[in-house]
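Visitor: Sharing a structure here in structure tokens format.
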Amino acid sequence: MTSWISALIWLATAAAGPAHVPDPPEQARPILVELFTSQGCPLCPAANLYLGELDEREDVIALGFAVDYWDIYGWRDTYAQPAFTERQRLYKTSLDVPRVYTPQFVIDGAAEAEGRETDAILSALQRRRMAMMAGVHVETLATGNGNHTIEVSGAPPSASEIWLAVFEPGWHTVEIEAGENAGLDMQLYNPVRALIPLGHWAGGQAEYGAALPEGTSGVIIVQGAQGGPVYGVGEFDRDALGVD
């Protein structure tokens, strides 16, 4: 485990409680949009720009996952991890996609589209919004000194997994020195640095805690097992103000 990932500090473990369905929030939760990308992929620079454009919507949380299978073509992606490739392979099975590829957008774990298919991406967002059901609630609370408490409650449609995605918010520039994109200053948006499994969850109440490294933010993802649909998300900033 790298020293960067070891900077994550777990403050609490899951605590199951009685089944409880919270009241529906006043505003529907955001939709999670994941881009599977690579610094070695010729079509990915444009897809990363579109990911940033999508994140301007109030109903979207956007994350960039760098896969590692382009690394054999002359340039090692500075954000790629095998765990991100494995996540994409789970979507390949659950969404019945013939192969893994980049750039690929996955919309709330329920649909996918190629990076250039902007109409298909927007249509998938609309369909997901129409089909979204209440029942899972994610709440994050800053407790001071960069620490956060994460509460998950409700009744998911099926047995679920809870993940913490740690990412570097905003735009980041990487100078590509070799491979298909050699000479390009590639713009990346919300690149994920770590994907941490917090455990399985079948409903009720659970509580976790985390302290993120400086310069990062977090997204809690509640979704069906083995790359199933997303049931709940919650985003939090490492530098949010703590409680008094």
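The values are calculated or read from the model by the stated rules, or taken from the named source; none is laboratory data. Remember, predicted model here, so these are calculated numbers, not experimental data. Note that each Cβ is placed from the backbone with ideal geometry, even for glycine, and that neighbours are counted across all protein chains shown. Keep in mind that these areas ignore ligands, DNA and RNA; they rest on the heavy atoms of the full protein, side chains included. Shrake-Rupley method; radii C 1.70, N 1.55, O 1.52, S 1.80 Å.
Visitor: In debye to the nearest 20, how big a dipole does the chain give about its Cα centre with +1 on each Lys and Arg Cβ and -1 on each Asp and Glu Cβ?
Guide: It comes to approximately 680 debye.
Visitor: Then there's this: Along Cα→Cβ, 7 Å out, is where each label goes; now give me the distance between the ones at L141 and A159 in nm to one decimal.
Guide: 3.0 nm
Visitor: Using the heavy atoms of the protein chains alone and a 1.4 angstrom probe, what is the accessible area of the range 98-244 per residue in square angstrom?
Guide: Heavy-atom SASA per residue in the range 98-244 reads 44 Å².
Visitor: Subtract the Cα-Cα distance of A178 and D71 from 0.36 nm times their separation in residues, and report this length gain in nm to one decimal.
Guide: On the way: separation 107, 0.36 × 107 = 38.52 nm, distance 1.05 nm.
That works out to 37.5 nm of additional length.
Visitor: Still on this structure: In what sequence, largest accessible area first, do M186, M130 appear using a 1.4 Å probe?
Guide: Working: M186 0, M130 160 Å².
These residues rank, largest area first, as M130, M186.
Visitor: Compare H148, H200, H137, H172 by solvent-accessible area with a 1.4 Å probe and give them largest first, with all protein chains kept in place.
Guide: The most accessible residue leads, giving H200, H137, H172, H148.
Visitor: Please give, to one decimal in nm, the separation of the simple spin-label points placed at L122 and R99, each 7 Å out from Cα toward the Cβ.
Guide: According to this spin-label approximation, the distance is 2.9 nm.
Visitor: A follow-up question, please. Projected onto the charge dipole of the chain (+1 at Lys/Arg Cβ, -1 at Asp/Glu Cβ, origin at the Cα centre), which of G204, T118, V33 gives the Cα projection farthest towards the positive end?
Guide: G204
Visitor: Can you work out the base-10 log of I(q)/I(0) for the chain at q = 0.07, 0.08, 0.11, 0.17 1/Å, using the Debye formula on its C-alpha atoms alone?
Guide: Debye intensities relative to I(0), on a log10 scale: -0.22, -0.29, -0.56, -1.34.
Visitor: Something else: Can you pull out the chymotrypsin sites (Phe, Trp or Tyr not before Pro) in the range 155-231 whose DSSP state is coil and whose Cβ has at most 15 other Cβ atoms within 10 Å? Mind showing how you got there, number by number?
Guide: Numbers: sites: W163, F167, W171, Y189, W201, Y208, Y231; in loops: none.
When the chymotrypsin sites (Phe, Trp or Tyr not before Pro) of the range 155-231 are filtered for loop state and at most 15 Cβ neighbours within 10 Å, nothing remains.
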